[in-house]
Every structure is written in structure tokens, then in C-alpha cells.
Amino acid sequence: MSRLERATELDDATAVARARAGDLDAYEVLVAHYTAAAHRAAVLLGAGADADDVVQEALVKAYRQLSRHRGESGFRPWLLAIVANETRNLHRTRGRRAGVLQRAARQELPALAPDPADTAEANERRQRLVDRLRRLDRRDREVLVCRYLLDLSEAETAVALGWPKGTVKSRTARALGRLRDHLAGEEGTDG
Amino acid sequence: MADRPDDLIAELRALGDHLDVPPARDQRAAVRAGIARRKKTRRWRLWLIGVLVSVAAAIGAVEPARATVVSAVGNLLRVAGIEVRTGPVTLPSSPSPSPLPFEGATTLDAARRAVRFPLRVPAALGEPREVTIADGARVVTFAYRDGRVRLDQCDGTIDPIFLKQAPDARWVDVGADLGLWLPAPHEVTYIDRNGVERSVTARLAGPTLIWSHSVVTYRLEGIATLDEALGVARSLG
């Protein structure tokens, strides 16, 4: 852990302690600091156009639940757990509304922005990766999104998804294996 | 290409930068407003719980009167580790049971050693054939009748750990203790040790009796009638 990370963590702990005592200015520091990360997580976990609303709801809930935050995990993964949960709730409501769960499932990753500076092949490869990620089982996708796209550690992913750390490790390996098989299978049929 | 897992990981890490993530909205003002709104209703609710419990306790055995009181003032009922929100139920999309966090099968003796509260066995149902322990020994579940009947015993000295949404909950007496009877299927959400509400475990529960005795909260699910459920509750040894 770098000195900067440690300093941020200390600040978070202080801000959490103050916010818990009812200091709204202290909580606003946390809100300002983590809105972007929470929003990114919501989008990558599939909240789509509702991501801002999910984040707002999660931040209000997080304040209300601060007394339950034990401080062993940092504030960020703890907040992301609430964001992930709110996003899942959203999927359920959407699924009910549309009557078709499948539809919500397919929207679970945002679109790819093609990089004009890159080769067509590289862009195509990324598109295939996104398509394959979309088709993974929800839990497989969630663990890969947390670990690699959101760059959370194993411990942080465990907090964010509410799984034991061992499950994160085994599920990550399995999801990577499946993704690799799918991609290899695709290349096989293409060639 | 992704011939080795490390390449695939690198590709996944890089992928994050290429996905179309719009900028986040500034949430500071909205969150402040949201907190202010919540605070007001929350304070009112806490006050309500106090009133509800004392009113319900004072009225004692007059069942219909209590039911009226509850439906008149209550949209939130609470027994130790369990909080019940009454009102329209939003049913989870998948009605099949899913496990509590970190659930594992065990034996009655092992469960007794693991938990910090006295485990009791209902004589009316006998020794459980299946025993599971969940979330750091916070909840122990006995399963009977092929899993259709469950008895949860929870360390209920902490914040609410189960949230339920049920339109028709009512207070009942379980021996000297106050309990809640939820006759219709309802949604159950578990709050784990980190304080996160796990709607993942939301599932439909059948008729349920909830009560608490000293530090333990009990939740008996799957027994169709209140009389039989009370019989099981009274038979706890």
C-alpha cells in the first residue's frame, strides 16, 4: 500500500467517524470522493441509464447504515457492496416491469466506445470480449468486473459481493477459464 | 491473444478504459436532501416502534383491538432481530429459496459449540435432521419435513438482521414474549455482518412466527396455522 493510499484511508476513517456522529459536511467529503467510483461500478454492473439514481440511493442508504460499517474493510468496497446490491434490485424491478429477465441481463455491460487510434482487429477483439462477458453467468461476470474492470483486490471484491474470500478466488479462476474457453471456441469456429 | 490467463486478465483490465461510461452526476446536494428526508421519517418510525410495543403490550390479550391498533399506526413492526415493513409487498422475481451468506451444513452439537447463545430444540418437531449455520454463527437453521419447515435461531442482540415485507403481520403472545405472526408469503432480506442488506437472499417465506426470548430471536417458517406454530414455539426445550 502506498503512502498516499494509507493517507486516504486515514482520512476516510476520520470522515466516517465524523459522519456517523451526524456531521453532514464530513459525509459530503466522502460523497464527493466516491461518487465517480460508485457510478463506474453501477454502470459496469449493469445499471445503465439508471446509474446516477442507483448511486444516489446507495449514498443515502450508506449514510443511514454507517453505524453498521465496521471499518475493517475500507469505505469504498463497503459502499460498492451497497451499489452492487442496489443495481441487482434494479435488475429485478426491470425484469418485473419488462416481464423478461433476459432483457435486463443482456444490458448488463455498457457499449464499447471504438478507439479510432486502434486497429480494426483490436477493436473487434474487444467487442468479442464484451459479447462473451455479457453472456457469462451473472456471478461470473460480477467477479470479473470487480476484480479487473474495477480493479478491486480479492478482499475488496469479497466485501463488495458479500462472498467469502475463498469463493472470490475460486470463482475468478472459474470465470476466467470459462471466458477463455468461449473465446477459444469462437476463434476455432471462425478459422 | 489470450492464450494464457495473464493475457486475458490484461485484456480485461484494459477493457474498462474502452467502455462507454458517462460522467457521474454531482450527488452532493441530492444526497444531503435524501438524508434529510430519511431522517424525518426514521425518527417518526422509531417513536412509532416505542409506542407500538408499549401499546401492544398494555392491551394484552384483547386480540382484535391490538390488530386495529397495529394497522392504524403501524407500517413498521419490530421484534428484536427482525424488522417487518408492512404495506404492499414487492415480490422477488425468483421465488425459489437461496442461501443466507456463508451458509454451511453442520451438526446440532457443532452448532451448539459455535454459537454464543443457547440453542433450543422444539420437542414438538424433535431433533432436526438438517442443521445449517450462517454468517459467522449468527444464525442457526433447523430444517424439518424435507425443508418445508424451518426454525431459525439468531443472535438477536444486534441491529435488525432480517427484514421482512408483509402486508398482514399481527402481534401475538408467545408465552410471556411478544411475537409476530405473518400468515401470508412475504419477502425476507438478510442484513449481513457488514451491515449490507442482501436482497440476493430475498426469497418468499411461507407463514411465519417470529418472537424473541432473552437475547435470541426465533423465526419459525412453514407451519400453516398459528395454533400449531405456537405449539411448536412453546415446546422449545
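The values are calculated or read from the model by the stated rules, or taken from the named source; none is laboratory data. The model shown is predicted, which means the values in this text are computed figures rather than measured ones. Heads up, the Cβs are rebuilt from the backbone with ideal geometry, glycines too, and the neighbour counts pull from every protein chain shown. With ligands, DNA and RNA removed, areas are computed over all heavy atoms of the protein, side chains included. Shrake-Rupley method; radii C 1.70, N 1.55, O 1.52, S 1.80 Å.
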Worksheet item: Within region A:57-76, how many residues are in contact with a helix residue (DSSP H, G or I) (Cβ under 6 Å, 6 or more places away or on another chain), open to solvent by less than 40 Å² (accessible area, probe 1.4 Å) and either within 8 Å of another protein chain (Cβ to nearest Cβ) or at pLDDT 90 or above (or both)?
Response: 9
Worksheet item: How do the pairs read when you match residues in region A:77-91 that are within 14 Å of residue A:50 (Cα to Cα) with residues anywhere that are modelled with pLDDT under 90 and among the charged types (D, E, K, R), using Cβ under 6 Å and keeping only pairs 6 or more apart or on different chains?
Response: A:90/A:50
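Consider residue A:162 carefully, then state whether it is at positive phi and either modelled with pLDDT of 90 or more or surrounded by 17 or more Cβ atoms within 10 Å (Cβ to Cβ) (or both). Reasoning before the result, please.
Values: at positive phi: yes; either modelled with pLDDT of 90 or more or surrounded by 17 or more Cβ atoms within 10 Å (Cβ to Cβ) (or both): yes.
So residue A:162 fits the description; yes.
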Fill in: Candidates A:179, A:183, A:136, filtered to the one that is modelled with pLDDT of 80 or more, more than 10 Å from every other protein chain (Cβ to nearest Cβ) and open to solvent by less than 30 Å² (accessible area, probe 1.4 Å)
A:136
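Here are B:163, B:230, B:209: which of them is outside any loop (DSSP other than H, G, I, E, B) and either within 14 Å of chain A (Cβ to nearest Cβ) or modelled with pLDDT under 75 (or both)? Give the steps one after another, and end with the answer.
Working: B:230 fails: either within 14 Å of chain A (Cβ to nearest Cβ) or modelled with pLDDT under 75 (or both); B:209 fails: either within 14 Å of chain A (Cβ to nearest Cβ) or modelled with pLDDT under 75 (or both).
Matching residue, one of B:163, B:230, B:209: B:163.
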Fill in: Inter-residue pairs, beta-carbon under 7 Å, first facing another protein chain (nearest Cβ under 10 Å) and in region A:139-158, second open to solvent by 10 Å² or more (accessible area, probe 1.4 Å) and among the hydrophobic types (A, V, I, L, M, F, W, C), 6+ apart
A:145/A:45; A:148/B:9
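Take the residues in region A:143-159 that are in contact with a Gly (Cβ under 9 Å, 6 or more places away or on another chain) and over 17 Å from residue B:13 (Cα atoms); name whichever of them is modelled with the lowest pLDDT. Before you say what the answer is, go through the steps one by one.
Narrowing region A:143-159 to residues in contact with a Gly (Cβ under 9 Å, 6 or more places away or on another chain): A:145, A:148-151, A:156, A:158-159.
Narrowing the set further to residues that are over 17 Å from residue B:13 (Cα atoms) leaves A:158-159.
Working: A:158: 91, A:159: 87.
So the residue we want is A:159.
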Practice prompt. Name every residue in region A:106-117 that is within 10 Å of chain B (Cβ to nearest Cβ) and either touching a residue at least 60 places away in the same chain (Cβ under 8 Å) or open to solvent by 60 Å² or more (accessible area, probe 1.4 Å) (or both), in order of residue number.
Written response: A:109, A:110, A:114
Item to complete: Check region A:97-114 and report whether any residue there is more than 19 Å from residue B:20 (Cβ to Cβ) and modelled with pLDDT of 80 or more.
Response: no
